[in-house]
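A short worksheet on the structure shown next.
The values are calculated or read from the model by the stated rules, or taken from the named source; none is laboratory data. Quick caveat, the model's predicted, so the values are computed rather than measured. Glycine gets a Cβ as well: all are built from the backbone with ideal geometry, and neighbour counts include every protein chain shown.
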């Protein structure tokens, strides 16, 4: 088949178009690199930080530790209150009381000798 | 496009002069690659897009060229893959049904100045449109470019047996199509 050139200057234009496309590609690569540097890296650092915070920060819904319970009992001991108000005071002042159910609360108290189980359970 | 020029390009690449190597490569191969793609795609505007994409890919991968194969084989392989990808994409798009694109290509063959007024040539080109892209490519390379089977295998891969079978099927389909067309004209 006899081949006809589409246009007399076409192949020069094609060459130029290829170089323009390469320039465009280079620019896109640079932009991607910039985005990686300015956005992706800080976002990764932020995500890692957030993950760490979530992992290490004590949750409010966490079952109270024995230390927390002891703090509540120490607080109770330091306050001179009527026995009948003891349970209410514990509930008001203790982190344990706010997060744990009554049964859990009594269970934790029963484990510790600082407050007698009978005293609380009699209420 | 010559062995000496290919050697010059590979030498430039070996010394790290990528830009110079690519400029020379583009100068040498822009026309051969254009015609290879054009024969397959038919439509000039689409060919233009594919050819630009081919050279962009060459530029991106030029550092990876180790000289294991001939430069022209490497370039043609990229061009062939890019062309087949383009045609497959066109055929898969549900809003451009395969027949619509073939019809469009057929109209180009009728009207574009690139195709001569020779009726037999036009009929052959239209018959080629009925072939699947890879079969058409094998026919183009073997029939128009007089490439050896071994050279075609370098470009397309596969075995000698399947390549010969594809060429044989292509020839049979073209003959059948041309016979039908000639009978159709006689009836008229």
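So is residue B:182 over 29 Å from residue B:77 (Cβ atoms), within 14 Å of another protein chain (Cβ to nearest Cβ) and out of contact with any helix residue (DSSP H, G or I) (no Cβ under 7 Å at 6 or more places or on another chain) or not? Spelling it out, it is not the case that residue B:182 is over 29 Å from residue B:77 (Cβ atoms), within 14 Å of another protein chain (Cβ to nearest Cβ) and out of contact with any helix residue (DSSP H, G or I) (no Cβ under 7 Å at 6 or more places or on another chain). Out of curiosity, is residue A:24 within 11 Å of another protein chain (Cβ to nearest Cβ), in a helix (DSSP H, G or I) and modelled with pLDDT of 90 or more? It is true that residue A:24 is within 11 Å of another protein chain (Cβ to nearest Cβ), in a helix (DSSP H, G or I) and modelled with pLDDT of 90 or more. Among the candidates B:58, B:42, the residue that is touching a helix residue (DSSP H, G or I) at 6+ places or on another chain (Cβ under 8 Å), farther than 22 Å from residue B:129 by Cβ and in contact (Cβ under 8 Å) with a residue 24 or more places away in the chain is uniquely B:58.
Name every residue in the stretch B:56-77 that is within 17 Å of residue B:155 (Cα to Cα) and either outside the structural domain of residue B:9 (by TED's automatic domain parsing) or surrounded by 17 or more Cβ atoms within 10 Å (Cβ to Cβ) (or both), in order of residue number. Matches in the stretch B:56-77: B:58, B:65, B:71, B:72, B:74, B:75, B:76.
For the stretch B:113-134, which positions are part of a loop (DSSP other than H, G, I, E, B), modelled with pLDDT of 70 or more and more than 17 Å from residue B:177 (Cα to Cα)? Result: B:118, single match.
Exactly one residue among B:25, B:84, B:12 is within 14 Å of another protein chain (Cβ to nearest Cβ) and surrounded by 15 or more Cβ atoms within 10 Å (Cβ to Cβ), and that residue is B:25.
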